[in-house]
1. Criterion first (within 17 Å of the chain's Cα centre (by Cα), free of Cβ contacts under 8 Å to residues at least 24 places away in the same chain and exposed (fewer than 10 other Cβ atoms within 10 Å of the Cβ)) does L5 satisfy it?
2. Do we find a residue being out of contact with any helix residue (DSSP H, G or I) (no Cβ under 9 Å at 6 or more places or on another chain) and of a type in the set (V, I, T) anywhere in region 73-80?
3. Being surrounded by 11 or more Cβ atoms within 10 Å (Cβ to Cβ), within 11 Å of the chain's Cα centre (by Cα) and part of a helix (DSSP H, G or I) narrows it down to one residue among T57, T96; which is it?
4. Restricting to region 1-37, name every residue that is among the aliphatic types (A, V, I, L, M), part of a helix (DSSP H, G or I) and more than 17 Å from F54 (Cβ to Cβ).
5. Kindly indicate which of E68, E73 is among the charged types (D, E, K, R), part of a helix (DSSP H, G or I) and within 17 Å of the chain's Cα centre (by Cα).
6. If only one of S44, S63 is modelled with pLDDT of 90 or more and surrounded by 13 or more Cβ atoms within 10 Å (Cβ to Cβ), which one is it?
7. Taking the condition of being modelled with pLDDT of 85 or more, over 18 Å from S94 (Cβ atoms) and of a type in the set (D, E, K, R), how many residues in region 3-41 meet it?
8. I need a count of the residues in region 44-86 that are within 25 Å of Y99 (Cα to Cα) and without any contact (Cβ under 8 Å) to a residue 40 or more places away in the chain.
Amino acid sequence: MDQELYLYEEFKELYHLRWNVEEVYKLLKSRVEIEQFTGRTSRSIYQDFYAKIFMMTLCAALSYPIAEKVKIEFKAEKTGNMYDQQINRTNAISATKDYLVNLCLSQ
């Protein structure tokens with residue numbers, strides 16, 4: 001590779017920009033198990049896919065205010081940690097699933 005054409009600093013920045021995308025893939029594949037379907041028909045696959053995307057979107061919407069509050073409180077504490085404090089997305093997804101199930105069953 002031509003080191004003058006492809007600068008190290010640019011690749012370093014691209015890698016850090018890619019990190020969030022990789023984390024979302026990990027969340028979708030490992031935590032939400034987006035590739036696991038409950039049926040074999042195309043309708044059931046679509047239903048599972050869209051239900052999981054809906055659940056992820058609802059989880060993101062419900063957890064956003066809390067995530068912002070955590071960031072603000074963490075910065076106020078000035079702990080000296082290298083990375084910002086974040087909410088546990090796996091726990092947030094689990095709580096959202098439980099909430100959705102209870103909401104649907106209570107009707």
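The values are calculated or read from the model by the stated rules, or taken from the named source; none is laboratory data. Since we're looking at a predicted model, the values are computed, not measured. A quick note on method: Cβ atoms are made from the backbone with ideal geometry, for glycine too, and the neighbour counts reach across all protein chains shown.
1. Numbers: within 17 Å of the chain's Cα centre (by Cα): no; free of Cβ contacts under 8 Å to residues at least 24 places away in the same chain: yes; exposed (fewer than 10 other Cβ atoms within 10 Å of the Cβ): yes.
Criteria not met by L5.
2. Here is the first cut: in region 73-80, the residues out of contact with any helix residue (DSSP H, G or I) (no Cβ under 9 Å at 6 or more places or on another chain) are 73-80.
Pick out the ones that are also of a type in the set (V, I, T) and you get 79.
Checked against the condition, which is being out of contact with any helix residue (DSSP H, G or I) (no Cβ under 9 Å at 6 or more places or on another chain) and of a type in the set (V, I, T), region 73-80 yields at least one hit.
3. Values: T96 fails: within 11 Å of the chain's Cα centre (by Cα).
Criteria check complete, one pass: T57.
4. Restricting attention to region 1-37, the residues satisfying the condition of being among the aliphatic types (A, V, I, L, M) are 1, 5, 7, 14, 17, 21, 24, 27-28, 32, 34.
If we keep only those that are part of a helix (DSSP H, G or I) too, we end up with 14, 17, 21, 24, 27-28.
Result: L14, L17, V21.
5. Being among the charged types (D, E, K, R), part of a helix (DSSP H, G or I) and within 17 Å of the chain's Cα centre (by Cα) holds for just one of E68, E73, which is E68.
6. Details: S44 fails: surrounded by 13 or more Cβ atoms within 10 Å (Cβ to Cβ).
Of the residues listed, the single one that is modelled with pLDDT of 90 or more and surrounded by 13 or more Cβ atoms within 10 Å (Cβ to Cβ) is S63.
7. Count: 4.
8. Step one: filter region 44-86 for residues within 25 Å of Y99 (Cα to Cα), giving 44-71, 85-86.
Filter once more, keeping what is without any contact (Cβ under 8 Å) to a residue 40 or more places away in the chain: 44-54, 56-57, 59-71, 85-86.
Matching residues across region 44-86 total 28.
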